[in-house]
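Notes follow once the structure below has been shown.
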Amino acid sequence: MEELYLEDCYINEFDAIVESVIDERYVVLDRTAFYPEAGGQPYDTGFLYCAGKGYPVVSVRKADGRILHEVGTSELNEGDAVRGVINWDRRYLLMRYHTACHILSAIIHNETGAKISGNQLSEDKTRVDFSLEEFDREQLKAYEAKVNDVIDKKVPLSIEMMDREEAFKIPSIVKLKDAFPPDVLYIRVITIAGIDRQACGGTHVVSTGEIPHIEVFKAENKGKNNRRIYFRFRE
């Protein structure tokens, strides 16, 4: 399956052929721009259109190396030509949140050396988990201000597929070496110029200038040295 979102995150309509339909509701296509839930980023929603009829895509996930588009009720069959249309407002919101999450995570790591242990995006907020003995409100406001400064500078972002050995020369990626099976020959690398360089399979904007200012509005202690902060976009 050709995963169109890996090279161009702005594709929101595409043509494809149905390869199979599982249990009458999971549609497998030969190519897709729908993002399957992974890495803290929710799945895309939208429609598959065929012969004048629209089938709502209510979830998207990967299973056994295939991307499954769940539709409510399907009359689609193997070989059908379909047009996929993504809910762009949702996708674009998550793209901006994901890039903002990379910026904030990089700033926290660079300022404190903290290891980022996870993140979760949603349509109204995003959380970042990291290891740090303690933090205070002034620290959080400082991180927020630095993220917004990067946003204001309209820093470009690039996406490239790198040979695994080349990718492992990047310090932030070599730490994840054991996470990539030997059969993974290429690694997708997201670079925010002068800010961050990470292996990531998610969708992102091409400039930080597309992101609204953020506000950090909540902080939690999740156990010894485990911290969680939440941010959202300012209206």
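The values are calculated or read from the model by the stated rules, or taken from the named source; none is laboratory data. Quick caveat, the model's predicted, so the values are computed rather than measured. With ideal geometry, Cβ positions are generated from the backbone for all residues, glycine too; neighbour counts draw on all protein chains shown. Please note that ligands, DNA and RNA were not included when accessible areas were found on the heavy atoms of the full protein model with its side chains. Shrake-Rupley method; radii C 1.70, N 1.55, O 1.52, S 1.80 Å.
State which residue is nearest to residue 106 (Cα to Cα) when the search covers only the range 169-190 and only residues that are modelled with pLDDT of 90 or more and surrounded by 16 or more Cβ atoms within 10 Å (Cβ to Cβ).
190
Within the range 46-66, track down each residue that is open to solvent by less than 30 Å² (accessible area, probe 1.4 Å) and either among the aromatic types (Phe, Trp, Tyr) or not in a strand (DSSP E or B) (or both).
55
Take the conditions surrounded by fewer than 17 Cβ atoms within 10 Å (Cβ to Cβ) and either among the hydroxyl-bearing types (Ser, Thr, Tyr) or more than 17 Å from residue 144 (Cα to Cα) (or both) and apply them to residue 38. Does it pass?
yes
Consider the range 11-34. How many of its residues are under 25 Å from residue 93 (Cα atoms) and open to solvent by 10 Å² or more (accessible area, probe 1.4 Å)?
5
Residue by residue through the range 202-211, note down the ones that are in contact with a strand residue (DSSP E or B) (Cβ under 6 Å, 6 or more places away or on another chain) and either of a type in the set (Gly, Ala, Ser) or open to solvent by 40 Å² or more (accessible area, probe 1.4 Å) (or both).
Result: 202, 206, 207.
Being open to solvent by 50 Å² or more (accessible area, probe 1.4 Å) and in contact (Cβ under 8 Å) with a residue 24 or more places away in the chain narrows it down to one of 138, 166, 123, so name that one.
Numbers: 138 fails: in contact (Cβ under 8 Å) with a residue 24 or more places away in the chain; 166 fails: in contact (Cβ under 8 Å) with a residue 24 or more places away in the chain.
Step by step, each of 138, 166, 123 is checked, and only 123 is open to solvent by 50 Å² or more (accessible area, probe 1.4 Å) and in contact (Cβ under 8 Å) with a residue 24 or more places away in the chain.
One line per residue, one yes/no per condition, for (1) open to solvent by 10 Å² or more (accessible area, probe 1.4 Å); (2) touching a His at 6+ places or on another chain (Cβ under 8 Å); (3) on the phi > 0 side of the Ramachandran plot:
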residue: 110; (1), (2), (3): yes, no, no
residue: 115; (1), (2), (3): yes, yes, no
residue: 119; (1), (2), (3): yes, no, no
residue: 130; (1), (2), (3): no, yes, no
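Is it the case that residue 194 is under 29 Å from residue 133 (Cα atoms), assigned to a loop (DSSP other than H, G, I, E, B) and either within 21 Å of the chain's Cα centre (by Cα) or at pLDDT 95 or above (or both)?
Spelling it out, residue 194 is indeed under 29 Å from residue 133 (Cα atoms), assigned to a loop (DSSP other than H, G, I, E, B) and either within 21 Å of the chain's Cα centre (by Cα) or at pLDDT 95 or above (or both).
Residues are listed down the side, and each one gets a yes or a no for (1) within 17 Å of residue 142 (Cβ to Cβ); (2) without any contact (Cβ under 8 Å) to a residue 24 or more places away in the chain; (3) among the aliphatic types (A, V, I, L, M); (4) in contact with an Asp or Glu (Cβ under 6 Å, 6 or more places away or on another chain):
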residue	(1), (2), (3), (4)
196	no, no, no, no
208	no, no, no, no
213	yes, no, no, no
218	yes, yes, no, no
223	no, yes, no, no
226	no, no, no, no
229	yes, no, yes, no
235	no, yes, no, no
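Which count do you get for residues in the range 199-214 that are in a strand (DSSP E or B) and out of contact with any helix residue (DSSP H, G or I) (no Cβ under 6 Å at 6 or more places or on another chain)?
Going through the range 199-214 one residue at a time, the tally reaches 1.
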